[in-house]
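Quick notes on the structure that follows.
The values are calculated or read from the model by the stated rules, or taken from the named source; none is laboratory data. What you are looking at is a predicted structure, and each value in this text was computed from that prediction instead of being measured. Counting neighbours? That spans all protein chains shown, and the Cβs are built from the backbone with ideal geometry, glycine included. For accessibility, only protein heavy atoms count, side chains too; no ligands or nucleic acids. Shrake-Rupley method; radii C 1.70, N 1.55, O 1.52, S 1.80 Å.
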Amino acid sequence: MPEVSYDKAVIKDLIEARLSWEEVKRIISGYKDEDRFDKYLELLQEKVPWQEKILLPLTDELYIVEKGEERLVKCSCGHEFGDYRENWKLKALIHVRDSKEEIEEIYPAPYSSKPDLDLCEIREYYCPGCGHQLEVEAVPFGYPIIFDFLPDLDTFYGEWLGRPLKTRQEFADLSHQVIKKWQS
Ligand SMILES: [Zn+2]
C-alpha cells in the first residue's frame with residue numbers, strides 16, 4: 001500500500017471545509033494515512049476547553065470522552081450527558097414543534113413544502129449547559145426518540161485501531177436505565 005501522510009494543517013482545512021473540491025476528492029478517495037484518525041482527534045481536542053480525552057465525536061458539538069473508568073457524552077461547553085450507552089437526547093432540553101405557528105417559524109411563507117402536521121412533529125434537542133441546538137428530528141407522532149449512534153468502542157479501538165481502551169465495557173443500549181430512573 002502506498003504510504004500517504006498529510007500534514008495536520010491539511011486535515012484541519014479538510015475538517016473545516018476550506019479545501020477545494022478537487023483537493024477534498026483526492027484526499028478522501030485515496031489511501032488513508034495511518035494516523036489520520038489520531039490527527040483528527042488531536043484537532044478536535046485542541047478545539048475544546050476541557051481535558052478529558054476524546055474517543056469519538058458524535059456531532060459538531062458532542063463527543064464521547066474518557067473520564068476515569070467512564071465513557072461519557074460531553075458537549076464542547078463542558079456539560080456532561082452521562083454514559084454514552086444511554087441516549088443523550090433523553091437528558092437534553094427538548095422543544096417539539098407540532099403547531100402551524102411553530103412550523104412557520106422555521107418554514108416561513110412562501111415555503112411550499114413543509115412538514116405535514118397531520119403526519120409528523122419536529123423535535124429539537126438543546127444542550128442544558130450552553131443552549132446549543134444539538135440535533136433535530138422529524139418523526140411521526142409518538143415515535144420513540146431516535147438513538148442516532150451507539151458505536152462499539154471496544155471493537156473499534158481494540159480490533160480496528162489495535163490499541164484496546166484501558167477498560168472493557170458491555171456493548172449495549174442502556175437508555176432504558178434513564179427511563180427507569182424517572183419512574184422511581
Ligand atoms: Zn453545551
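Gap in Å between the Cα centre of segment 26-55 and the Cα centre of segment 136-180?
That distance is 21 Å.
Run the numbers on the chain and let me know its relative contact order in percent, using alpha-carbon pairs under 8 Å that are six or more apart. List each step's numbers first, then the result.
Numbers: 215 pairs, mean separation 26.4, N = 184.
Once normalised by length, the contact order is 14 percent.
Applying 1/(1 + (r/R0)^6) with R0 = 35 Å to the Cβ-Cβ distance of His95 and Ser5, what FRET efficiency is obtained, to the nearest 0.05?
Rounded to the nearest 0.05, the efficiency is 0.20.
Could you tell me the ratio Rg/Rh of segment 35-184? Both radii from Cα atoms, Rh via Kirkwood.
1.03
Hey, any idea what % of segment 125-177's accessible area is carbon plus sulfur with a 1.4 Å probe?
The nonpolar share, carbon plus sulfur, comes to 55 percent.
Ordered by packing density, taken as the mean number of other Cβ atoms within 10 Å over each peptide's residues, highest first, how do 65-76, 14-25 rank?
65-76, 14-25
If Lys and Arg each add +1 and Asp and Glu each add -1, what is the summed charge of the other residues whose beta carbon sits under 15 Å from the beta carbon of His132? Don't skip to the end; give the middle numbers.
Working: positive: Lys47, Lys74, Lys89, Lys91; negative: Asp60, Glu61, Glu80, Glu124, Glu135.
Result for the neighbourhood of His132: -1.
How do the peptides 103-111, 49-57 rank, highest first, by the average count of neighbouring beta carbon atoms within 10 Å per residue?
49-57, 103-111
Please report, in Å, the Rg and the Dmax of segment 1-119, where both are computed over Cα atoms only.
Using the Cα atoms of segment 1-119, the pair Rg, Dmax is 19.7, 57 Å.
For Phe81, what residues show an amide H to amide H distance below 5 Å, using hydrogens built from the backbone and excluding near sequence neighbours?
Close amide H contacts, sequence-distant or interchain: Val73, Lys74, Cys75.
Net charge around Asp173, counting only other residues with Cβ within less than 10 Å of its Cβ (Lys, Arg = +1; Asp, Glu = -1)?
0
Can you give me the long-range amide H partners of His132? Hydrogens built in the peptide plane at 1.01 Å from N, cutoff under 5 Å, separation of 5 or more residues or another chain.
It is Cys127, by chain and number.
Computed FRET efficiency, Cβ-Cβ of Ile15 and Ala138, R0 35 Å: what is it to the nearest 0.05? Before the final figure, lay out each step's value.
Values: r = 27 Å, r/R0 = 0.78.
It comes out at approximately 0.80.
Counting only C-alpha contacts under 8 Å and six or more residues apart, can you give the relative contact order of segment 1-69 as a whole percent? Before the final figure, lay out each step's value.
Working: 50 pairs, mean separation 18.0, N = 69.
In percent, rounded to a whole number, it is 26.
What nm distance separates the two modelled labels at Arg163 and Asp35, each placed 7 Å from Cα along Cα→Cβ?
According to this spin-label approximation, the distance is 1.0 nm.
Taking a 1.4 Å probe, which of Lys100, Lys89 shows the most accessible area, and what order do the others take after it? The partial results should precede the final answer.
Details: Lys100 125, Lys89 0 Å².
Ranking Lys100, Lys89 by accessible area, largest first, yields Lys100, Lys89.
One quarter of the convex hull surface, Cα atoms only: what value does that give for segment 74-143 in nm²?
The number I arrive at for segment 74-143 is 5.5 nm².
Kirkwood Rh over Cα pairs of segment 122-184 into Stokes-Einstein at 4 °C, 1.567 mPa s: D in µm²/s?
87
With the other protein chains left in place, how much accessible area per residue, in square angstrom, belongs to segment 33-142 at a 1.4 angstrom probe?
Numbers: 5660 Å² over 110 residues.
Heavy-atom SASA per residue in segment 33-142 reads 51 Å².
Can you tally the net charge around Ala17? Count Lys and Arg as +1, Asp and Glu as -1, for every other residue whose Cβ sits under 13 Å from the Cβ of Ala17.
Summing Lys and Arg as +1 and Asp and Glu as -1 gives -2.
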